[in-house]
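This report concerns only the one structure given below.
The values are calculated or read from the model by the stated rules, or taken from the named source; none is laboratory data. Small disclaimer: the values here were computed from a predicted structure and weren't measured. Here the Cβ positions follow ideal geometry from the backbone for every residue, glycine too, while neighbour counts run over all protein chains shown. Heads up: the accessible areas ignore ligands, DNA and RNA and are worked out on the full protein's heavy atoms, side chains in. Shrake-Rupley method; radii C 1.70, N 1.55, O 1.52, S 1.80 Å.
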Amino acid sequence: MKAIVFADVVDAWSYVGAVRFERAAALHSILTGEPVEISYRAASFDAPVPTSEVVAAARITGIDLNVDEVVPADSTDAWRLLTWAESVGPDVQRELLHQLWRAHLLEGADVADGFVLASRAALAGLGLETAEALLASDEYRTEVEQQRETAALIGASASPFVVVDARHTLAGVHSQDDYLRALQHIAAQH
């Protein structure tokens, strides 16, 4: 089973939903012995949700958001690094994405800042100098734009937006149990 999660580095709902989906996918794999391969793509979500709601949902998930110190940022360069990271491996992409979510939503770091991005890439196991060179170029910019266009074309309006096996979609944040049930239902259809 393959899942693509359309999300945004600067969107708290993307973080909460992705963590819940990842946990459900891991549980599904434990229960069935079948892996769920997860990759991430850039998307833009316009509808901000009241802070108290996302903070409460995050807390239930075990994430202690620090919304008072969030620095507004454009996530394009972050997604350029994430697109490169996926070419190295899906685990590297996931680790970098979580590094960036923690930096932005827990630590108040500016995820549009080249130093923050390159250092988080290094923490995820990517080469610091390669990350800096990538950020100094336009490499992967077109790919990120295409990812966002694809998200819009398929109607990814709620974050995160999960596409499973290129046919099934799960829009918005759900409970871990609901994600697990959805994966079980999809697996039963195969």
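Here is how the number arises for the chain: DSSP H runs of 4 or more residues each give -39500 (n - 2.57), the sum is divided by the residue count, and the result at 222 nm is -18000 deg cm²/dmol.
Using the Karplus relation 6.51 cos²θ - 1.76 cosθ + 1.60 with θ = phi - 60°, the per-residue 3J(HN,Hα) values for the stretch 181-190 come to 4, 5, 5, 5, 5, 5, 4, 5, 6, 7 Hz, with x marking Gly and Pro.
Between T169 and E139, the FRET efficiency from the beta-carbon distance, with R0 = 41 Å, is close to 0.85. Contact order, relative form, for the chain: 33 percent (alpha carbon pairs under 8 Å, 6 or more residues apart, mean separation divided by residue count).
Protection proxy ranking of 175-181, 28-34, 132-138, by the mean of other Cβ atoms within 10 Å over each peptide's residues and highest first, is 175-181, 132-138, 28-34. Annotation: amide H of L106 within the under-5 Å range of N66, sequence separation 5 or more or interchain, hydrogens built in the peptide plane. Working note: Karplus 6.51/-1.76/1.60 with θ = phi - 60° gives the stretch 16-33 the couplings 4, x, 5, 4, 5, 5, 4, 5, 5, 5, 5, 5, 4, 5, 5, 6, 10, x Hz, where Gly and Pro are set to x.
Put a dot 7 Å past the Cα of V67, heading toward its Cβ, do the same for E34, and the two dots end up 3.7 nm apart. Only protein atoms count toward the accessible area here, which uses a 1.4 Å probe; on the chain, the carbon and sulfur part of that area reaches 51 percent. Surface analysis of the chain yields an accessible area of 48 Å² per residue, using protein heavy atoms and a 1.4 Å probe. The string of couplings for the stretch 149-164 from the Karplus curve (6.51, -1.76, 1.60, θ = phi - 60°) is 5, 4, 4, 5, 5, 8, x, 6, 9, 10, 9, x, 10, 9, 10, 10 Hz, one whole number per residue in order, with x for Gly and Pro. Here are labelled values, [x] 92, 45, 24; [y] 47, 36, 31; [z] 64, 42, 33, and one is the computed Cα extents along the principal axes in Å for what I pasted. Which one? Calculated Cα extents along the principal axes in Å: the matching label is [y].
Given their separation in residues at 0.36 nm each and the Cα-Cα distance between them, A152 and I60 gain 30.2 nm when the chain is fully extended. Near the amide H of I38, within less than 5 Å, lie the amide hydrogens of A3, all on another chain or at least 5 residues away, with H placed in the peptide plane. Normalising the average separation of contacting C-alpha pairs (under 8 angstrom, six or more residues apart) by the number of residues puts the relative contact order of the stretch 7-101 at 35 percent.
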